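Asks: Just passing along the structure, written as structure tokens.
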Amino acid sequence: MSDITENISLGSDTYQCIHCGAALKYKPGTTFLHCDYCGADTPINAKVVDEVEELDFEQYAKDIELLDTQATKVICCRKCGAESTFDESMKSAECPYCSMPFIESDVHMERLIRPSYLLPFKVADNEMQSHMQTWIKSLWFAPNKLKQRALYSNKLQGVYIPCWTYDAQTNTDYSGQRGDSYTTTVGSGKNRQTVVRTRWSYRSGHISLFFDDVMVPASGMIPSDVMSKIQNWDTMNMVDADNRFLSGFVTEKYVMNMTTGYEYARRRMEAEIDYAIRRDIGGDSQRVDSKKTRFSNIKFKLILLPVYMSSYTYGNKLYHFFVNGRTGRVTGDRPYSKVKITLAVIAGLIALALFAWFVNNQG
């Protein structure tokens with residue numbers, strides 16, 4: 001079975017250098033396509049979007065065929081099931097999640113919703129060592145060999161992760177009870193004691209909240225908690241989803257549709273509404289007896305966010321790490337050193353014993 005990069009192009013168009021004819025790829029942190037062979041840079045005439053266009057959720061939920069779609073070559077990993085697209089400018093053809101080599105028979109055509117905007121990669125892959133060093137130094141009880149294993153992983157891959165964003169205006173009427181704590185003395189004689197009790201009073205009110213860009217990852221492979229750990233996306237710097245920014249990178253196919261994504265976003269909105277209600281009720285404790293929320297002016301869009309990912313093996317186990325392609329913020333799986341933990345426990349016990357001895361001898 002032949003290597004996939006010898007035969008077909010996936011995802012975005014392949015752009016060729018006008019000087020040598022080699023495939024170009026996007027150069028992170030710039031507005032250029034770069035040629036690795038002759039070093040030439042080709043400008044991308046793109047600018048930050050001044051006014052982001054949101055789509056009406058209710059309109060498109062009723063007729064999803066109204067959404068702008070495009071025929072896309074999708075490759076499915078035979079090992080982990082990840083579905084992605086990438087182009088011929090890639091130097092390797094491996095799954096970014098499990099490093100399984102792709103083959104031509106793994107490709108199929110799908111009609112996918114076209115993303116509206118993207119955040120281009122800003123941090124270059126050769127800057128990753130410094131970010132990884134900072135992350136590793138922050139890890140408690142990490143094995144000494146972890147630094148070498150993680151820093152010199154040769155499987156670092158830039159991947160654009162699809163995400164839905166949702167806006168909504170919410171208005172909530174509620175009723176509940178406010179609890180104010182007070183102390184009182186009960187009993188007499190030896191049974192006399194001070195106890196804390198709660199005085200409850202009725203409360204009702206209205207909460208109006210506007211939610212802007214509640215983000216829901218549409219990835220089937222990266223857990224949402226990973227995306228939240230590397231968040232702080234500068235979405236004010238988004239550009240139109242120009243395929244030239246995708247050149248040289250993997251783009252993961254979304255697996256969560258817009259309606260399912262909204263259900264996740266709505267649960268997050270409702271949690272914030274509950275918090276706002278309790279804050280409005282006030283007091284030391286609160287009870288929410290009833291609430292009725294009206295959601296209106298619901299908007300959405302599909303965007304792409306840049307993430308570097310890689311893996312390393314330690315102790316015959318595979319670990320993954322993920323890096324925000326805009327800020328360099330890192331998170332990931334990590335091993336623990338049993339030796340360091342044991343020594344820390346022993347040191348703690350010794351310190352505790354010395355403290356006890358000191359206290360006893362002071363008497």
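Each reported figure results from applying straightforward, stated rules to the coordinates on display, with no laboratory input. Computed from a predicted model, the values in this text were never measured in an experiment. Every residue, glycine among them, receives a Cβ derived from its backbone with ideal geometry; neighbour counts consider all protein chains shown.
Asks: For Lys47, which aspartates and glutamates qualify as cross-link partners when the Cα separation must be under 12 Å and same-chain residues fewer than eight apart are set aside?
Replies: Output for Lys47: Asp240, Asp242.
Asks: Which pairs, out of Lys122/Lys229; Lys79/Lys229; Lys25/Lys253; Lys25/Lys73; Lys27/Lys317, put more than 22 Å between their alpha-carbon atoms?
Replies: Lys79/Lys229; Lys27/Lys317
Asks: Sort Leu66, Leu112 by Cβ crowding within 10 Å, fewest neighbours at the top.
Replies: Ordered by Cβ neighbours within 10 Å, fewest first: Leu66, Leu112.
Asks: Hey, another quick one. What distance in nm lies between label points placed 7 Å from Cα along the C-beta direction at Thr184 and Ile18?
Replies: 8.6
Asks: Under 5 Å between amide H atoms, partner at least 5 residues away or on a different chain: which partners does Arg329 have, H built in plane at 1.01 Å?
Replies: Asn324
Asks: Between the stretch 14-93 and the stretch 180-233, what's the alpha-carbon centroid distance in Å?
Replies: First find each Cα centre; the distance between them is then 42 Å.
Asks: Please give the contour-minus-distance gain from Leu66 to Glu110: 0.36 nm per residue of separation, less the Cα-Cα distance, rounded to one decimal in nm.
Replies: This chain segment gains 14.2 nm when fully extended.
Asks: Could you work out how far apart the two model spin labels at Ala40 and Thr198 are, taking each label as a point 7 Å from the Cα in the direction of the beta carbon, and quote it in nm?
Replies: 7.3
Asks: Here is a further query. Using the crude model of +1 on Lys and Arg Cβ and -1 on Asp and Glu Cβ, and no other charge, please compute the dipole size for the stretch 164-294 relative to its Cα centre, in debye to 20.
Replies: The dipole of the stretch 164-294 has a size of about 1060 debye.
Asks: Scan around Gly248 for amide H atoms under 5 Å from its own, H built in the peptide plane at 1.01 Å from N, and keep only partners 5 or more places away or cross-chain.
Replies: Amide H to amide H, under 5 Å and 5 or more residues apart or across chains, Gly248 pairs with Tyr26, Asp87, Ser89, Met90.
Asks: Neighbouring Cβ atoms within 10 Å as the yardstick, rank Trp357, Trp164 fewest first.
Replies: Trp357, Trp164
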